[in-house]
Amino acid sequence: MDVARKSFIKHWQLYLIVIPPVLFFVIFKYYPMLNAALAFKDYNVTKGIWGSPWIGFKNFELFFENPMFWTLVKNTIYISLYQLAVGFPIPIVLALALNEIRSARFKKLVQMVTFAPYFISTVVMVSMIMLFLAPRLGFFNTAMNALGMDSINFLGEPSMFRSIYVWSDVWQSAGYASVVYLAALAGIDPVLYEAAKVDGASRFQKILHVDLPGILPTITIILILNVGSIMGLGFEKIYLLQNPLNTATSEIISTYVYKIGLLNANYSFATAVGLFNSLINLCLLVFVNSLAKRISNNSIW
């Protein structure tokens, strides 16, 4: 205690800076986690969370026995893996390409064009997708009709939903995601490039043997975080793009939780589903982090 008191007196300015973020996490992150107990209760509004009776794992059993269970898990994993396979390497390639551009004006132009879509709100983004893919007056169908092809109801085709969601997300977020890799590339020692030039390395060989190893720790951390959130697929965009024709492939765990928990007021069951989803993400995060630490000696902790 004396050591802690002396440390506080000596560095009280640093402790003062740390207090606000600590309070934020305690109040808005950790304290609400106590309400996860709702997943193990038969919630009654009049009795409240802690006054409602305990029912153990009954809500989890209901979810596992639900005919929608495997459909929800499959759709969530398929879309997440598709997004990871496409959306993870593209920002890396974009950052490497931007790093090779010698014209500063053209580089800034490309960065602005690729970065700007990130600031489009989800609602506006979904509205743009619907307008472009509209069956009768949409840009794509109008172009297809001009070429003599029949119109396609893109958002009404379940098989097309995943591609529409993933590629529109890549277009919107690739520029923003590449900023992290550009910052990592800026930290590479210029001496390495000079050495590669002396050895006669081509531009592609510099990327392969200098750039990629230099940003490998950053790539590993981002990959761990992405894999750790596979089951935490975003809710807003998918929910807004959903319609009765594409729910076979668009219904995921987060949209199901919203419909069951808020629209049907089944709060205990929805909490159990959400808790199951979070536990899967936690397990994936720990597993991928330990695997990355063994393979590349790079990890979050």
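The values are calculated or read from the model by the stated rules, or taken from the named source; none is laboratory data. These numbers were taken from a predicted model, which means no experiment stands behind them. All Cβ positions, even for glycine, are placed from backbone atoms using ideal geometry, and neighbour counts span all protein chains on display. The accessibility values were calculated without ligands, DNA or RNA, using every heavy atom of the protein model including side chains. Shrake-Rupley method; radii C 1.70, N 1.55, O 1.52, S 1.80 Å.
Here are some notes:
- Here the Karplus relation 6.51 cos²θ - 1.76 cosθ + 1.60, evaluated at θ = phi - 60°, turns the backbone of the range 181-188 into coupling constants of 6, 5, 5, 5, 5, 5, x, 6 Hz, with x for every Gly and Pro.
- DSSP loop trypsin sites (Lys or Arg not before Pro) with at most 15 other Cβ within 10 Å: longest gap in the chain: 137-301
- Among Pro158, Pro21, Pro53: highest mean-square fluctuation, GNM of the chain, C-alpha pairs under 10 Å: Pro21
- Rounded to the nearest 20 debye, dipole of the range 51-190 from Cβ charges on Lys, Arg, Asp, Glu: 400 debye
- In terms of Cα atoms, the Rg and Dmax of the chain work out to 24.4, 83 Å.
- Prolate/oblate/rounded label for the range 123-223 (Cα gyration tensor, a/c 1.5): prolate
- Signed unit charges on C-beta, dipole axis of the chain, positive-most listed residue Leu223, Thr247, Asn99: Asn99
- Cross-link check: pairs Lys58/Lys237; Lys107/Lys197; Lys47/Lys259; Lys47/Lys74; Lys74/Lys259; Lys108/Lys237 evaluated at a Cα-Cα cut-off of 25 Å; pairs beyond the cut-off: Lys58/Lys237; Lys47/Lys74; Lys108/Lys237.
- Among Ile55, Ile252, the order of accessible area from largest down is Ile55, Ile252, computed with a 1.4 Å probe on protein heavy atoms.
- Residue (of Ile238, Ile295, Ile260) at the positive-pole extreme of the chain, dipole from beta-carbon charges: Ile295
- Residue-averaged 222 nm ellipticity for the chain, from DSSP H runs of 4+ at -39500 (n - 2.57), nearest 500: -20500 deg cm²/dmol
- Sequentially through the range 246-253, phi angles give Karplus couplings (6.51, -1.76, 1.60; θ = phi - 60°) of 10, 5, 4, 10, 9, 6, 10, 4 Hz, Gly and Pro residues having no value and appearing as x.
- Anisotropy class of the range 1-158 from Cα gyration tensor, a/c 1.5 cut: oblate
- Gyration tensor (alpha-carbon) shape descriptor, the range 78-133, a/c threshold 1.5: oblate
- The charge dipole of the chain, taken about its Cα centre with unit charges on the Cβ atoms of Lys, Arg (+1), Asp and Glu (-1) only, comes to about 660 debye.
- Each residue of the range 287-296 is assigned a 3J(HN,Hα), and the resulting list reads 5, 5, 5, 5, 5, 5, 5, 6, 7, 10 Hz, derived from the Karplus form 6.51 cos²θ - 1.76 cosθ + 1.60 (θ = phi - 60°), x at Gly and Pro.
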